[in-house]
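The values are calculated or read from the model by the stated rules, or taken from the named source; none is laboratory data. Given the structure is predicted, the values throughout are model-derived calculations rather than measurements. So basically every Cβ, Gly included, is an ideal-geometry build from the backbone, and we count neighbours across all protein chains shown. Accessible surface areas use protein heavy atoms only, side chains included; no ligands, DNA or RNA. Shrake-Rupley method; radii C 1.70, N 1.55, O 1.52, S 1.80 Å.
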Amino acid sequence: MGSRNTSTGGQSSGRNDETGENEPDLATVLAYLLRSGQIRLIQSEDSGIELLHAGSDSDDDNVECNPEVDLNPDTSKIDASELKQEMLRRDGLTHDGKPLTGYSIPALLQQREIGRCRSHGRFSKADCSMISSNYLPNKIHMKARYHHKAFCGSYSESGDIFLTACQDQNIRLYDTRNGGFQLLKTIRARDVGWSILDTAFSPDGNYLMYSSWSEWIHLCNVYGDHDVHDALDLEPGDSRFCAFSIQFSSDNKEILAGANDGCMYIYDRERNERTTKHQANYIT
């Protein structure tokens, strides 16, 4: 009997708690009424602060009514002011807020070279804003969605291929030519510990490589009907090893890797072996 009463009391208490959570408290209700204008707070000489219903009749001439809000205010004077025009000009916009058109970046560069820029021989803030708006992205478009975190994303040197490396051990290559974003190829990564941590394209764009928590870095082809997936041993001599940063040399003959053991590794692609292990200097 005691156990049943305790259980019943707990259930009743739980229902009361749930009811209390669902019911708004007095402060919430009061804040809503004040925001909606249904009640107002007024100063009273006798009792301090009083609540006044918005629809009630009051003979108190000292009560100040809330001003009406104009949802469509007349801003013509502000729009025509010099301050507004200066703000628009500095943002690279016209008087009606539209982007400047007819600007030629080569012409601006030529004007700057001969010292005929409007801002004492330098680009004005309006010029800088206009130039950057042509090259810096200012809109977001979702192109792909993954079920795991993506740790790497980079374009090839030509910009025709975009690579993503996800924690699901997949490397995805997208064809980005002519403004597109089509999945070109998916590579299943090997010997991955936790996630792929760095990727790099070869200078000719025909190969890519990736690294993870492993003494190996892997080399894969981008194009072609056959698949290349070679493991390159850096021979670190440490089981807990990761190359956090990898890069091809400019002549495409060597690979440089920076690892968690404080060493730089050079892998010779022609000899197919690690040739150099150099202890890096720490800067504090």
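Scanning the stretch 191-205 for residues that are hydroxyl-bearing (Ser, Thr, Tyr) and not in a strand (DSSP E or B), we see that the one that is farthest from Leu256 (Cα to Cα) is Ser195.
From the residues in the stretch 92-122 that are charged (D, E, K, R) and open to solvent by 90 Å² or more (accessible area, probe 1.4 Å), which one is modelled with the lowest pLDDT? Per the stated criteria, the residue is Lys98. The residues of the stretch 228-255 that are open to solvent by 80 Å² or more (accessible area, probe 1.4 Å) and not in a loop (DSSP other than H, G, I, E, B), listed by number, are Phe244, Gln247. In the stretch 174-186, is there at least one residue being part of a loop (DSSP other than H, G, I, E, B) and closer than 26 Å to Glu273 by Cβ? Looking for residues that are part of a loop (DSSP other than H, G, I, E, B) and closer than 26 Å to Glu273 by Cβ, one finds none in the stretch 174-186, hence no.
So in the stretch 206-220, with the set limited to residues that are open to solvent by 10 Å² or more (accessible area, probe 1.4 Å) and touching a strand residue (DSSP E or B) at 6+ places or on another chain (Cβ under 8 Å), which one is farthest from Leu256 (Cα to Cα)?
Restricting to residues being open to solvent by 10 Å² or more (accessible area, probe 1.4 Å) and touching a strand residue (DSSP E or B) at 6+ places or on another chain (Cβ under 8 Å), the top hit is Asn206.
Taking every residue in the stretch 196-207 that is touching a residue at least 40 places away in the same chain (Cβ under 8 Å) and pairing it with any residue that is part of a strand (DSSP E or B) and open to solvent by 60 Å² or more (accessible area, probe 1.4 Å), at least 6 positions away or on another chain, the pairs with Cβ-Cβ distances below 7 Å are Ile196/Phe151; Leu197/Phe151; Leu197/Phe244; Asp198/Phe244; Asp198/Ser245; Ala200/Gln247.
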